Amino acid sequence: MIIAINIFIFIVTAYLQSSLLGRFDILGLVPNMILILMVSIALYRRTYEAYAFAFAFGLIIDSLSGGPFGIHTAIFMLTVFAASLFVKEDHSNVTAPLSITVMSVVSLIFYVTFWLTLSFQAKSFALSGIIFTLEQVAITVGFFVITFPLLRKLFEWEEKKADVRMGR
Amino acid sequence: MKKISFLIFFSILIIIFSLLFFKSKGSFSSVDSGITKVFSPVGMVFANSTGGVKDFFSNLGNIGNLQKENKELRSQINSLESENARMTVNEKENEALKRELGFKNDSGFSTIPAEISFFDPTNIRDTIVINKGSNDGVRTNMVATSEGFLIGKVTDVYTTTSKILLITDPLSTLPGMMTTIDATGLVQGQIGNGLQMTQIPQETDLKKGEVIVTSGLGGEYPKGLMIGKVESITKKNNSIFQSASLRTFVNFKALERIQIIKN
């Protein structure tokens, strides 16, 4: 049931990201809601669940995106790995400042990887590209700050439900 | 006393009947119009002032009906407004379709109309997924346009969908040329939705607003498809080429329908 809810949330997010948010940009910038959800799962759910989501939904995003097939899967799994480096096994140290730090690091890894890959392929390292990359990082982190309390509540509710079901 | 009352009553009756008789014969018409002319302004003032009071009292009595009427009128306004909005959207769509039809007829291209299903979720790459695939005759490397303007080319084809690399994608490069000057260059996409034209010979007298079209070199894109216009020019003295920043004619974020050129 809980996995079904997460799958539903992810599909809705992926759909919104690639259809609705694609049209409604903020000064040409679009927050990466999929990355926000991925980091939230890595922070507030179990690491193995986050890896499973990263693999499955990375493939979905790869099929919708123009990048080389597998790049999203790889970057999402790298994201979970990076997040797991910051978080204790029992997630007891997950606080708001740590969450924002993890999101900043992860989105920087995500967008800089893309920028480097594309720049090497296009043989062009324009300054405008770097600025755009940093702006994308900023807007994604900004949206994370707004949405993560809600996502945290959702994942805590899911955890409680799971505990009740398991009789813990 | 009774006699006097009877006489007054009888006299009034006679006067009324005589007035009615003469009025029916038209004898009072000039007198009537004169009186009307003199008294009409005063009558209007009275009518207006008393009308308000009369309306106030009649409104008090009809407040329930008025509320009902108001509700009905509001719902009518709402439905008319929504109809108006629908008609505006239809009008816009109609104009866009007319432009597309015009391009189709003028250019002589055979096209496949398609709608956009998805935009690239990362916002770093500029690709779209459309709702037409190999079943509809879409093939790799076919050129995509919107209202007659070049937007990109097909890179991946599946049975019912296809992926299009937009000209603003950093990995998109195509040969372009100016419309008023005899010069060519390479049009490249930039990270962040930009478009730049490079390798323009230094001696070219490039001006802001110059329209850039496809040159047809290499055979990937047909010649003469509109790409964009020059927004700013970068010229360095020690370089053999100059470059220009281009503004596209199409808002890529607002794309809805596109045309795939078959031939």
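The values are calculated or read from the model by the stated rules, or taken from the named source; none is laboratory data. Being a predicted model, the structure only gives us computed values, none of them experimental. Ideal geometry is used to build each Cβ from the backbone, glycine not excepted, and the neighbour counts take in all protein chains shown. These accessible areas exclude ligands, DNA and RNA; they are computed on the full protein's heavy atoms, side chains included. Shrake-Rupley method; radii C 1.70, N 1.55, O 1.52, S 1.80 Å.
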Query raised in the report: What are the residue pairs meeting all of these: first residue in the stretch B:231-252, first residue within 30 Å of B:Val129 (Cβ to Cβ) and in contact (Cβ under 8 Å) with a residue 24 or more places away in the chain, second residue open to solvent by 40 Å² or more (accessible area, probe 1.4 Å) and among the acidic types (Asp, Glu), Cβ atoms under 8 Å, and 6 or more apart or on different chains?
Result: B:Ser245/B:Glu231; B:Leu246/B:Glu231; B:Arg247/B:Glu231; B:Val250/B:Glu147
Report task. Look through the stretch A:46-66, keep the residues that are open to solvent by less than 10 Å² (accessible area, probe 1.4 Å) and over 13 Å from the mean Cα position of the chain (by Cα), and return whichever of them is farthest from the other protein chains (Cβ to nearest Cβ). Result -> A:Asp62
Requested in this report: Inspect the stretch A:16-32 for any residue being on the phi > 0 side of the Ramachandran plot and open to solvent by 70 Å² or more (accessible area, probe 1.4 Å) and give the result as yes or no.
Outcome: yes
Report summary line: Every listed condition ((1) out of contact with any strand residue (DSSP E or B) (no Cβ under 9 Å at 6 or more places or on another chain); (2) closer than 30 Å to A:Ala162 by Cβ) holds for A:Tyr15 save (1)
Report task. Within the stretch A:111-130, identify whether any single residue is under 16 Å from A:Thr13 (Cβ atoms) and crowded, with 20+ Cβ neighbours inside 10 Å, and answer yes or no. Result -> no
Query - Residue pairs meeting the criteria (Cβ under 8 Å; at least 6 apart or on separate chains; first within 9 Å of chain A (Cβ to nearest Cβ), in the stretch B:171-195; second among the aromatic types (Phe, Trp, Tyr) and open to solvent by 30 Å² or more (accessible area, probe 1.4 Å)) - result: B:Ile191/A:Trp115
**Report entry** Long-range neighbours under 6 Å by Cβ, at least six apart or interchain, first residue under 11 Å from A:Ser84 (Cα atoms) within the stretch A:37-49, second open to solvent by less than 30 Å² (accessible area, probe 1.4 Å) and of a type in the set (Val, Ile, Thr)
**Finding:** A:Val39/A:Val106; A:Ala42/A:Val80; A:Leu43/A:Val94
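Can you confirm whether B:Phe118 is touching a strand residue (DSSP E or B) at 6+ places or on another chain (Cβ under 7 Å), of a type in the set (Phe, Trp, Tyr) and not in a loop (DSSP other than H, G, I, E, B)?
On the way: touching a strand residue (DSSP E or B) at 6+ places or on another chain (Cβ under 7 Å): yes; of a type in the set (Phe, Trp, Tyr): yes; not in a loop (DSSP other than H, G, I, E, B): yes.
Considered against the rule, which asks whether it is touching a strand residue (DSSP E or B) at 6+ places or on another chain (Cβ under 7 Å), of a type in the set (Phe, Trp, Tyr) and not in a loop (DSSP other than H, G, I, E, B), B:Phe118 comes out as yes.
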Requested in this report: Please indicate, with yes or no, whether at least one residue in the stretch A:23-32 is out of contact with any Gly (no Cβ under 8 Å at 6 or more places or on another chain), in contact (Cβ under 8 Å) with a residue 12 or more places away in the chain and assigned to a helix (DSSP H, G or I).
Outcome: no
Query raised in the report: Inside the stretch B:214-230, can you point out the residues that are surrounded by fewer than 21 Cβ atoms within 10 Å (Cβ to Cβ), aliphatic (A, V, I, L, M) and in contact (Cβ under 8 Å) with a residue 60 or more places away in the chain?
Result: B:Met226
Requested in this report: Considering every residue within the stretch B:112-126, establish whether at least one is open to solvent by 10 Å² or more (accessible area, probe 1.4 Å), within 14 Å of another protein chain (Cβ to nearest Cβ), touching a residue at least 12 places away in the same chain (Cβ under 8 Å) and touching a Leu at 6+ places or on another chain (Cβ under 6 Å).
Outcome: yes
Query - Residue tally, condition open to solvent by less than 40 Å² (accessible area, probe 1.4 Å) and either of a type in the set (Val, Ile, Thr) or within 14 Å of chain B (Cβ to nearest Cβ) (or both), over the stretch A:74-110 - result: 10
Report summary line: Across (1) at pLDDT below 80; (2) within 12 Å of chain B (Cβ to nearest Cβ), A:Pro31 clears everything bar (1)
Query raised in the report: So A:Phe69 fits all but one of (1) at pLDDT 85 or above; (2) surrounded by fewer than 16 Cβ atoms within 10 Å (Cβ to Cβ); (3) touching a helix residue (DSSP H, G or I) at 6+ places or on another chain (Cβ under 6 Å); what number is the exception?
Result: (1)
Query - Given (1) open to solvent by less than 40 Å² (accessible area, probe 1.4 Å); (2) modelled with pLDDT of 80 or more; (3) closer than 26 Å to B:Leu166 by Cβ, index of the condition A:Ile41 fails - result: (3)
